[in-house]
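Report on the structure given below.
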Amino acid sequence: MSDWLNLLIRFFDDFLVGAGVTLELTAIGLVMGFLLGLGLALGKVYGNKPLCWFSTAYIELFRGTPLLVQLFLIYYGLPSLGITLSQTLSAYLALGLNSAAYQAEYLRGAILAIGNTQMTAGRAIGLSRWQTILHIILPQALRLAIPSWSNEPILLLKSTAVVFLIAVQDLMAKAKRAATTTYNPIGSYLAVAVVYLVMVFALNALLKWLERKARIPGFEMEGKKGSL
Amino acid sequence: MDIIRFIQYIASGTAYTLGVTFVALPSGLILGLILAIIYVYGGKIAARTLSVYSTIMRGIPPIVLLFILYFIMSGTINLSPFWAGSISLGVISSAYQMEIIRGAILSVSGGQMIAALAIGMSRLQAIRYIVLPQTLRLAIPPWSNEAAIVIKDSSLVYALGVPEILRRAQLISASTQQPFLAYTTAALIYFGLVLFTNTLLRRLENRLRIPANP
Amino acid sequence: MKKVSVALMLMFLVASALVACASPEADSVLDKIQEAGTVVVGTSADYPPYEYVDESGNFAGFDIELMTEIAKRMDVELEWTDMPFDSLIAAVQEGKIDMSISCFNYSEERDEKVDFSDAYYTSEDAFLVAEDFAGTITNAEDVANFKIGVQSGTVQDEWVTTELIDAGLMEESNLSRYERVDQAAMDLQAGRIEVIVADSVPAQALMGQFGGFKIVFEDMLYTGPINIVLPEGDSELQERVNSIIAELQSEGFIDDLAVKYFSD
């Protein structure tokens, strides 16, 4: 017990730095994933045939393969095609590309829930297709998507934990470091498990608050509640 | 090394990937099913304990849990990385499967339990013959999602040194210096496995659908 | 939420207390090995020519062949377990494997957790760089000016961490710790790191395997004699292994192996 507390105290600063890296990875992956995911969702719903086909293929491929494989493909595979990205950049890219596929599905669900009548109405009052999407459909769809979308930040936070395998110094890498210096792997991983839990709880509380803030009264979509 | 042997070498890891999945998924299902029944019918204390269990297990990244469970298991019983890794993944998955089955149990209306008790069935009989047959059918779609997640998470045992698809891709990419080809091959095999499982479970879902009970 | 977090903390405290109190079993590992007729040996098969996986997927290398002979002389079957290098010591400590041979150097911190056999070979460290490397390294510490890659948990990792990072000579962000040494080699090839610090014989092997590398520095930093890692406090097993190593040395078996694997 006191061993474990000593370990926690000895590596506390290290764990904090690692947790910072983990949060950074989550934030950047989430934003990248959102922008790309939105494009994919729109492409799949409103795009022409090739665009729709591309979006579908992208979503299926990225959701059908492990993140770890995507990460290795980007980090170790791309240099043989002449594209060498740094460790951090590879991690951002893998997380962003991966998250985009999942976010696209949440957003697509919300866009479909808005229905076609609003598109018809928008066109009838003289807006173009893209104007209707931008000014009428998206403002509603994005708010509607929040309950089901709010799973994604937590899922993404948890999936960042594999990037230590390409030598990124995230929280998990710090745990590994603690495990190899103290030869107490269980204690080290338990310590960072607690740190991860704290981050997940905090993020969950933030998302719940956001969900309440952004709700459109009387206009909810049936969606999964938060993941916790 | 020619391309066929290259691909063969990586593909031979599929046996391990499938092995991990076939241990993790059923053990997670059995554990998840038992826990879900206890959660719903086991009283307040059981429900609260299991809710804490579920929150903890689902709040920690799978790879962190994998390492913790793996080292705990290696400290107590002598298991190979394959078995320790597979069982750990099963335990992790049990928390998610418990939530899936619990949701499905709750969606079968409580009136049916009362009806079953009224015609003289015991609680266990009612669970066994009335609730579960409907529950398990309802659980197939979310469960097939979990199956895909377990297949993908089986790649995490890479970090324990189990020679599954990803580990083999890594070994051969170092010795042939064809990392792009190696990891692309690995990705396609995983994709095939996930696609196959999804199709299979969708068929099962259609076959077992209860007419007029969407 | 608050209740959940408190419950959580309590659970972890209890769990960790349990872990801390668990003590290793007392009976001799040698007896256990002889009873089972099998010795379970851990290695990290990524360190050619000491230990690696050959093209047909079998374990091969200097350590592998040496251990095979030791098991033969102990009159037991040999079962290999391939695991990440940095979990080998913990695995021996926890009795998951009976012993480990993986080009281990002696270090005091390791000696607190496990025992070592007598040395069976002596190694040096080397700095491996790309052929077009333009920097100069005269003293070992000069390597602090470059981006370094090591295998996580090796004595080289320890050397860079304590002698360079903790001493304030370099930033930790300039050190990449890899799970496997061949991953470090791929990154050296891709230009993400400038120097790999590793044992010199495996460094030479990587040079042959990847091409386009050269060694710019060779010396003993933390390395030196290499030993087999044994469970703590099991003198019977230690004596048995030591006597076999002594036999193999006097018969010239180890010298022959060194010629077979290290001579080029």
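Within region A:26-52, the residues that satisfy the criterion of being within 18 Å of A:LEU112 (Cβ to Cβ), of a type in the set (A, V, I, L, M, F, W, C) and free of Cβ contacts under 8 Å to residues at least 24 places away in the same chain are A:LEU51, A:CYS52. Highlighted here are the helices (runs of 4 or more DSSP H) found entirely within region B:1-90 that include at least 2 residues which are touching a residue at least 24 places away in the same chain (Cβ under 8 Å) and under 29 Å from A:THR22 (Cβ atoms): B:14-41, B:43-59, B:62-76. Restricting region B:176-189 to residues that are surrounded by 19 or more Cβ atoms within 10 Å (Cβ to Cβ) and without any contact (Cβ under 8 Å) to a residue 60 or more places away in the chain, which is nearest to C:VAL181 (Cα to Cα)? Residue satisfying both the conditions and the ranking: B:PRO179.
Answer yes or no: is there a residue in region C:198-213 that is closer than 30 Å to A:ASP14 by Cα, of a type outside the set (Asp, Glu), at pLDDT 90 or above and not in a helix (DSSP H, G or I). Scanning region C:198-213, I find at least one residue that is closer than 30 Å to A:ASP14 by Cα, of a type outside the set (Asp, Glu), at pLDDT 90 or above and not in a helix (DSSP H, G or I), so the answer is yes.
Residues of region B:110-146 that are within 27 Å of the chain's Cα centre (by Cα) and of a type in the set (Lys, Arg): B:ARG128, B:ARG137.
Consider A:ILE154 carefully, then state whether it is out of contact with any strand residue (DSSP E or B) (no Cβ under 9 Å at 6 or more places or on another chain), within 14 Å of chain B (Cβ to nearest Cβ), of a type in the set (A, V, I, L, M) and part of a helix (DSSP H, G or I). Answer is yes for this residue.
Pull up region C:71-88, narrow it to residues that are part of a helix (DSSP H, G or I) and surrounded by fewer than 24 Cβ atoms within 10 Å (Cβ to Cβ), then point me to the one that is modelled with the lowest pLDDT. So, considering only residues that are part of a helix (DSSP H, G or I) and surrounded by fewer than 24 Cβ atoms within 10 Å (Cβ to Cβ), the one modelled with the lowest pLDDT is C:ASP86. Every test in (1) under 30 Å from B:SER175 (Cα atoms); (2) crowded, with 21+ Cβ neighbours inside 10 Å; (3) polar (S, T, N, Q) is passed by B:SER88 save one, and that test is (1). Of all the residues in region C:36-70, those that are more than 22 Å from C:PHE253 (Cβ to Cβ) and either away from every other protein chain (no Cβ under 13 Å) or part of a helix (DSSP H, G or I) (or both) number 2.
Take the conditions in contact with a Ser or Thr (Cβ under 6 Å, 6 or more places away or on another chain) and either within 14 Å of chain B (Cβ to nearest Cβ) or among the hydrophobic types (A, V, I, L, M, F, W, C) (or both) and apply them to C:LYS96. Does it pass? Judged against the criteria, C:LYS96 is a match. Restricted to region A:172-187, and to residues there that are touching a residue at least 40 places away in the same chain (Cβ under 8 Å) and at the interface with chain B (Cβ under 9 Å from one of its Cβ atoms), the residue that is farthest from C:SER87 (Cα to Cα) is A:MET172.
Note on region C:214-256: residues that are under 29 Å from C:MET186 (Cβ atoms) and either out of contact with any strand residue (DSSP E or B) (no Cβ under 9 Å at 6 or more places or on another chain) or in a loop (DSSP other than H, G, I, E, B) (or both) total 5.
The values are calculated or read from the model by the stated rules, or taken from the named source; none is laboratory data. Everything quoted here is computed from the prediction, not taken from an experiment. Reconstructed Cβ throughout: ideal geometry from the backbone, glycine too, with neighbour counts over all protein chains shown.
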